[in-house]
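Please read the structure below before turning to the comments.
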Amino acid sequence: MFKKLPGDETRNLVSTTPDTAVVFRPAVVKTPAIITLIIWLSRLVVGLVRTVWRHPVAVAVPVGLGLLWWQYGYGLALLLVGLVLMAGLCWFSLDRASLRRMVGWRLLAWWRLVWVYRRDWHAVMTVSGLGRYLRGRDYLPRLVRVECNEWADRVTVRMLGGQAVKDWADRTDNLAHGFGAPSCRVAVERAGRLVLTFPRRDPLADPLPAVPVPDRPSVGPVEIGQQEDGRPLRLKVHGTHVLVAGATGAGKGSFLWGTIRGLLPAMRAGLVQVWALDPKRMELSFGRPLFGDRYAADPKQCADLLDEAVCVMQERADRFAGLQRNHTPTVQDPFVLVIVDEVAFLTAYQSDKQLKQRISAALATLTTQGRAVGVGVLAALQDPRKEVMNIRNLFPDKIALRLDESEQVDMVLGDGARDRGALADHISPVPQLGAGVGYVRLETSPDPVRVRAAYVSDADIRAMVADFALVGEEAR
Ligand SMILES: Nc1ncnc2c1ncn2[C@@H]1O[C@H](COP(=O)(O)OP(=O)(O)OP(=O)(O)O)[C@@H](O)[C@H]1O
């Protein structure tokens with residue numbers, strides 16, 4: 001129950017060797033009982049002061065009620081509790097969301113702090129190797145704060161001096177199991193401080209219906225689904241390039257169609273052109289009328305279309321040189337989004353060497369020079385190995401959907417992404433649960449964000465095509 005004091009162990013030290021009868025017993029200096037008592041008492045006082053300092057409300061409520069009881073009898077204390085409960089009930093019926101935000105999550109956080117994290121902290125830190133036992137003392141990382149929201153606990157931690165983020169990222173499994181959570185994600189709050197996210201439930205477990213087509217033309221960021229924290233998933237396509245990688249059936253189509261859906265008003269207004277490369281002929285062909293003559297399926301046509309995109313890019317670069325450094329979409333110079341479904345068909349699996357080289361060179365040119373002049377690439381890919389996709393690092397923004405192997409996660413999202421909690425290889429292969437679920441890693445943030453794209457059904461695509469054709473006719 002009580003912590004050992006430094007020096008207590010020496011009395012147990014007995015050193016013998018088999019070939020000698022000499023027994024070494026170090027001198028033991030007994031700590032006087034009064035000193036031990038003083039140490040315990042001072043620890044008790046420090047603990048009490050710390051509790052009052054950290055949880056003033058939690059301490060003030062029982063103390064206040066106790067004082068009322070003592071001064072005026074239990075009737076008044078019970079009346080006060082009843083009034084507070086009544087007020088809580090009224091609040092609950094009037095505005096549940098604010099009650100949850102201001103009271104509910106705080107109470108839950110306090111409960112989880114006491115019942116889960118503080119209770120198991122010592123054991124989990126020691127067993128996982130994040131705590132140290134040195135010269136009779138336990139050195140543990142400090143549990144600073146627990147916050148709760150609808151789906152997860154956010155635990156702020158102060159690392160031990162000398163620890164690295166990687167020490168924690170390597171132990172996410174230990175932490176998740178230790179605190180009874182399905183997973184754990186590690187993010188840096190500031191130097192020496194981490195935020196560990198422990199999900200309590202999966203807010204992305206149910207498929208999402210397609211996001212309504214926006215009212216106003218915009219080149220993005222395009223709303224295509226939901227993030228784990230409940231905020232909308234807005235994908236930036238103008239001014240960047242995006243790579244979506246996932247095994248077959250992972251739901252890559254939702255990302256492609258979700259983006260096209262969000263850009264539809266801008267396409268109708270002439271501010272965006274979507275150029276579609278569909279070597280599998282199974283995905284983008286469904287909405288072919290949306291792309292006009294900028295649709296290619298045959299590898300030769302794909303190479304021609306990519307070369308045309310490079311020409312547009314170079315012509316703009318010549319025109320913009322010295323005048324503007326960023327592209328603003330206009331009807332004369334619309335944003336060109338080149339969408340490639342299963343890019344490996346055109347690069348790695350292409351048997352015609354010349355075509356393969358042409359396509360790879362065009363893709364590399366577009367991804368290195370296109371974003372400043374309004375030409376973007378959104379590519380989908382099944383197999384992220386370097387032999388298959390050697391230009392994957394030229395895509396600033398990456399999305400990993402369900403992948404077959406754990407090593408593939410870092411291939412797509414970059415080094416350390418899986419350690420930080422991007423468990424793309426753990427996403428369920430059941431379409432209902434896992435299709436469209438993935439981890440997004442943006443150029444601007446090292447922390448992967450778990451998201452789910454809304455499902456754009458065949459009926460939705462048909463409606464988009466019909467809507468687009470109607471506007472075309474009206475314009476004519
Ligand atoms: N966002 C989503 N939400 C729920 N279910 C989805 C979602 N996206 C796709 N699905 C389901 O998963 C199935 C496979 O999706 P999809 O064809 O887009 O996968 P894919 O990654 O493009 O596969 P492939 O590489 O084989 O073409 C769909 O038929 C659909 O039933």
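Choose one of 175, 47, 360: the residue whose Cα lies farthest towards the positive end of the charge dipole of the chain (beta-carbon charges +1 Lys, Arg; -1 Asp, Glu; about the Cα centre). Selected residue: 47. Name the shape class, rounded, prolate or oblate, that the alpha-carbon gyration tensor gives for the range 95-201, where a ≥ b ≥ c are the square roots of its eigenvalues, rounded holds for a/c under 1.5, and otherwise prolate holds if a/b is larger than b/c and oblate otherwise. Here the range 95-201 falls in the prolate category.
The distance from the alpha carbon centre of the range 403-476 to that of the range 187-235 is 11 Å, rounded to a whole number. Under a model in which nothing but the beta-carbon of Lys, Arg (+1) and Asp, Glu (-1) is charged, the range 222-475 shows a dipole of about 260 debye around its Cα centre. Fewest-first ordering of 298, 307, 419 by other beta carbons within 10 Å of each residue's beta carbon gives 298, 307, 419.
Label sites at residue 160 and residue 103, each approximated as a point 7 angstrom past Cα along Cα to Cβ, lie 4.2 nm apart.
Using Cβ point charges alone (K and R +1, D and E -1), the dipole size of the chain about the Cα centre works out to roughly 2400 debye.
A straight line joining the Cα centroids of the range 333-362 and the range 67-103 runs 66 Å.
Under 13 Å of direct C-alpha separation, and excluding same-chain neighbours fewer than eight residues apart, residue 30 reaches these aspartates and glutamates: 8, 9. Per-residue Karplus couplings for the range 339-356, computed as 6.51 cos²θ - 1.76 cosθ + 1.60 with θ equal to phi - 60°, are listed in order as 9, 10, 8, 6, 5, 5, 4, 8, 10, 5, 8, 7, 7, 6, 4, 5, 4, 4 Hz, Gly and Pro entered as x. Counting neighbouring beta carbons within 10 Å and listing from fewest to most, the residues 430, 409 come out as 430, 409. For residue 376, the residues whose modelled amide H falls within less than 5 Å of its own, excluding neighbours fewer than 5 places apart on the same chain, are 336, 337, 338. For the range 263-310, the Cα gyration tensor yields ellipsoid semi-axes of 19, 14, 6 Å (square root of five times each eigenvalue, largest first, whole Å).
Quick check on the range 222-475: take the gyration tensor over C-alpha atoms, sort the square-rooted eigenvalues as a ≥ b ≥ c, and tell me if it's rounded (a/c under 1.5), prolate or oblate. Rounded, since a/c falls under 1.5. Once the Kirkwood radius over Cα pairs is known for the range 155-268, the Stokes-Einstein relation at 25 °C and 0.890 mPa s delivers a diffusion coefficient of 144 µm²/s.
By DSSP, the beta bridges lying fully in the chain are antiparallel in about 60 percent of cases. In this structure, the pairs whose alpha-carbon distance is over 25 Å, taken from 356/386; 166/398; 236/353; 300/398; 300/386, are 236/353; 300/398. Working from label points 7 Å from Cα in the Cα-to-Cβ sense, the residue 407 to residue 83 distance is 6.9 nm. Once C-alpha pairs closer than 8 Å and six or more residues apart are averaged by separation and normalised to the residue number of the chain, the relative contact order reads 14 percent. The calculated 222 nm mean residue ellipticity attributable to helices in the chain amounts to -12000 deg cm²/dmol, summing -39500 (n - 2.57) over DSSP H runs of n ≥ 4 and dividing by all residues.
With K and R counted +1 and D and E -1, the other residues having a Cβ less than 10 Å from that of residue 296 yield a net charge of -3.
Per-residue Cβ neighbour counts within 10 Å put 468, 320, 198 in the sequence 320, 468, 198, beginning with the fewest.
In the chain, the longest principal axis of the Cα atoms and the axis of helix 74-94 are about 10 degrees apart.
Values quoted throughout were computed directly from the atomic coordinates according to the rules given, and no laboratory measurement underlies them. In this text the structure is predicted, and so the values were computed from the model without any measurement. Glycine also receives a Cβ, built like all others from the backbone with ideal geometry; neighbour counts cover every protein chain displayed.
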